[in-house]
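Peer 1: Pasting in a structure now, in structure tokens, and then I'll have a few things to ask.
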Amino acid sequence: MKHLLARAALALTLGLGASAPALAQVNPTEKSVSEDALFQALGSGDYVVGRITIPDANAGYLIKPDNKIWAALQGDTLHMVSIVAIVGMIVLLAAFYMIRGKIRVDAGLSGRKILRFNVIERFAHWTLASTFIILALSGLNIIIGKTVLLPVLGEAAFGTISAWGKIAHNFLAWSFMVALVMVLVLWIVHNIPNSVDLQWIQQGGGLLRKGVHPPANKFNAGQKVIFWAVILGGAALSFTGFLLLFPAEAGTPADWQFFQTIHAVTAAVLSAIIIAHIYIGSVGMEGAFDAMGSGEVDENWAREHHSLWVEEVKGSSGSARAHPAE
Amino acid sequence: MARMKFLCDADRCIECNACVTACKNEHEVPWGINRRRVVTLNDGLPGERSVSMACMHCTDAPCASVCPVNCFYTTADGVVLHNKDTCIGCGYCSYACPFGAPQYPQTANFGTRGKMDKCTYCAGGPEADHSQAEYVKYGRNRLAEGKLPLCAEMCSTKSLLAGDGDIIAEIYRERVVTRGYGSGAWGWRTAYGETVTV
Ligand code: HEM
Ligand code: SF4
Ligand code: SF4
């Protein structure tokens, strides 16, 4: 080593650095690690890693080239996907409203009420709904807020809102999970797919044309889709969200990135679905909101949208005086 | 304008950790955070090399593209800085960074992350140059004093180079040509999309 240094020094002083003899000599450093060689051997997902003397073992990772793949996925792709999902759904619903208008009760309101959702069901629904909406807004803010809100609010206000949003997101997730389990337990029996659903789907749920009312039980096929999207999507969000909150449980940083991607995609899709749900449960359909508001719906609304359920609770004769079992 | 970069000539690094210590001292970096660190590759084997690494101040910085609150900005010198007032401690930049630069002081229970901290290229933050607020949040602003980052200035073997990318690349190229070997400009292809070819 000394020998070589001496020779290198000599070469330097003689100004022969690049001369052929210097390169031709035996070079004990030719076996040294080089970035070129390491990168050639690096498989996808591999890191350049070495020994570190500080207690933080993670600091031993020198270069993680693949982090840039996740950065592009998160910064560009998922950002676009989220915007398209939300804006796309709103445009679609606006178009639907313009063409089809509000779905009315064709027979007019009867003035007679049937209990559709009891207070426990409504409590579960509104806990789920309120937590989901705050989670969706604060979550979407994380990914598209900088494009949508930042220009409007300015950096300081946007920063404050985002910091509160993060806290809300981390804490409300737990109430959401509780409500999700409640909804699952309360409504799963009404959401098992059956043959009635096929007929409902064939007739487009009666959504597309006036006067078409395919029979349905307590929940029609469209609502079953919403139910399962909420249950499965909500479970996926809960599971991945938990791991994002406790990164040590998630495994490696690459695992965390994977769970983050699932979380973001699921959130975008479920948010879009829920916007459609909110539309049909409020401005989109006459009489629908009462089911979750007061819990009681107009009998004619019920006959048009859930004929089989009405028969179930009132008996097939449909006597106006008979009351639901509860 | 210069385009500031770091280049660690691993064939010269003797793993003395002076850069690490100098940085901690100059900026009063919080406990548990190392803005710069030295990683030894092939430890104990022939051809072992040590590389001093911090934030590389990337071109099209990945951290900036994932930050939900857009708190990163690139100065006219190509230095990637961030605003701790806006940062929400989400941790995303630490997953995007290929060099493990962003780190967090733990501020509360359950490992809650505080404001992100990373190498500033000794260039402070958005506050007024040399203000107390800037010093407390980001450390000394040597660049505004016309000085280069202290880590590189302290380097006992002049392994760690800081300065305009073209100039330090030229110095490195000359060294490699002169001595006949070089293990590469570590991190350059990942940070800048190009490496120093000799
Ligand atoms: C302000 C927003 C919302 C309104 C106005 C609303 C309204 C309604 C209404 C009226 C129903 C009963 C439909 C019927 O009579 O059959 C319902 C059911 C339901 N809601 Fe909501 N809801 C909202 C938000 C949410 C959110 C955020 C979620 C979940 C994340 C959710 C999940 C469900 C589920 C799973 C059902 C049962 C299946 C169905 O009817 O589609 N809702 N909602
Ligand atoms: S090294 Fe990491 S923190 Fe520094 S600019 Fe690049 S991605 Fe950002
Ligand atoms: S931790 Fe701070 S700087 Fe990093 S991405 Fe999150 S908000 Fe941005």
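The values are calculated or read from the model by the stated rules, or taken from the named source; none is laboratory data. Given the structure is predicted, the values throughout are model-derived calculations rather than measurements. A quick note on method: Cβ atoms are made from the backbone with ideal geometry, for glycine too, and the neighbour counts reach across all protein chains shown. Quick note on the areas: whole protein, heavy atoms, side chains included, nothing else; ligands and nucleic acids left out. Shrake-Rupley method; radii C 1.70, N 1.55, O 1.52, S 1.80 Å.
Peer 1: Is it the case that some residue within the range A:153-160 is under 24 Å from the mean Cα position of the chain (by Cα), exposed (fewer than 12 other Cβ atoms within 10 Å of the Cβ), outside any loop (DSSP other than H, G, I, E, B) and not charged (D, E, K, R)?
Peer 2: Within the range A:153-160, not a single residue is under 24 Å from the mean Cα position of the chain (by Cα), exposed (fewer than 12 other Cβ atoms within 10 Å of the Cβ), outside any loop (DSSP other than H, G, I, E, B) and not charged (D, E, K, R).
Peer 1: Which ones in the range A:288-302 are surrounded by 18 or more Cβ atoms within 10 Å (Cβ to Cβ) and in contact with an Asp or Glu (Cβ under 9 Å, 6 or more places away or on another chain)? Lay out the reasoning, then the answer.
Peer 2: Filtering the range A:288-302 for residues surrounded by 18 or more Cβ atoms within 10 Å (Cβ to Cβ) gives A:288, A:291, A:297-302.
Within the range A:288-302, A:VAL297, A:ASP298, A:ASN300, A:TRP301 meet the criteria.
Peer 1: Here's a check for you: in the range A:60-71, which residue that is within 7 Å of chain B (Cβ to nearest Cβ) and assigned to a helix (DSSP H, G or I) is most open to solvent (accessible area, probe 1.4 Å)?
Peer 2: A:LYS68
Peer 1: So, one more: For the structure I just gave you, tell me whether A:ALA221 is open to solvent by less than 40 Å² (accessible area, probe 1.4 Å) and within 20 Å of the chain's Cα centre (by Cα).
Peer 2: It is false that A:ALA221 is open to solvent by less than 40 Å² (accessible area, probe 1.4 Å) and within 20 Å of the chain's Cα centre (by Cα).
Peer 1: Another one. Tally time: how many residues in the range A:70-91 are more than 16 Å from ligand 1 (Cβ to nearest atom) and either outside the structural domain of A:GLY206 (by TED's automatic domain parsing) or in contact (Cβ under 8 Å) with a residue 24 or more places away in the chain (or both)?
Peer 2: 9
Peer 1: Check off (1) in a helix (DSSP H, G or I); (2) of a type in the set (Gly, Ala, Ser); (3) more than 7 Å from chain B (Cβ to nearest Cβ) for A:SER44 and give me the number that stays unchecked.
Peer 2: A:SER44 satisfies every listed condition except (1).
Peer 1: Is it fair to say B:SER94 is within 17 Å of the chain's Cα centre (by Cα) and open to solvent by less than 10 Å² (accessible area, probe 1.4 Å)?
Peer 2: Criteria not met by B:SER94.
Peer 1: Which condition does A:ALA57 not pass, out of (1) at the interface with chain B (Cβ under 9 Å from one of its Cβ atoms); (2) within 28 Å of B:TRP31 (Cα to Cα), if it passes all the others?
Peer 2: (1)
Peer 1: Restricting attention to the range B:50-85, which residues are open to solvent by less than 10 Å² (accessible area, probe 1.4 Å), at the interface with chain A (Cβ under 7 Å from one of its Cβ atoms) and closer than 23 Å to A:ALA156 by Cβ?
Peer 2: Once the filter is applied, which keeps residues that are open to solvent by less than 10 Å² (accessible area, probe 1.4 Å), at the interface with chain A (Cβ under 7 Å from one of its Cβ atoms) and closer than 23 Å to A:ALA156 by Cβ, the range B:50-85 yields B:VAL66, B:PRO68, B:VAL69.
Peer 1: State yes or no: is B:VAL20 over 25 Å from B:THR157 (Cα atoms) and either in a helix (DSSP H, G or I) or facing another protein chain (nearest Cβ under 10 Å) (or both)?
Peer 2: no
Peer 1: When the residues of the range A:214-266 are filtered to those that are more than 25 Å from A:ALA85 (Cα to Cα) and more than 14 Å from chain B (Cβ to nearest Cβ), which remaining residue is farthest from ligand 2 (Cβ to nearest atom)?
Peer 2: A:PRO215
Peer 1: Among the numbered criteria (1) within 16 Å of ligand 2 (Cβ to nearest atom); (2) within 14 Å of chain A (Cβ to nearest Cβ); (3) open to solvent by 10 Å² or more (accessible area, probe 1.4 Å); (4) not in a loop (DSSP other than H, G, I, E, B), which one does B:ALA191 miss?
Peer 2: In the conditions (1) within 16 Å of ligand 2 (Cβ to nearest atom); (2) within 14 Å of chain A (Cβ to nearest Cβ); (3) open to solvent by 10 Å² or more (accessible area, probe 1.4 Å); (4) not in a loop (DSSP other than H, G, I, E, B), B:ALA191 misses (3) alone.
Peer 1: Restricting attention to the range B:162-188, which residues are within 11 Å of chain A (Cβ to nearest Cβ) and free of Cβ contacts under 8 Å to residues at least 24 places away in the same chain?
Peer 2: B:GLU174, B:VAL176, B:VAL177, B:THR178, B:GLY180
Peer 1: Next question, about the same structure. Quick check on A:ALA248: is it crowded, with 17+ Cβ neighbours inside 10 Å and on the phi < 0 side of the Ramachandran plot?
Peer 2: No; evaluated as a whole, the condition is false for this residue.
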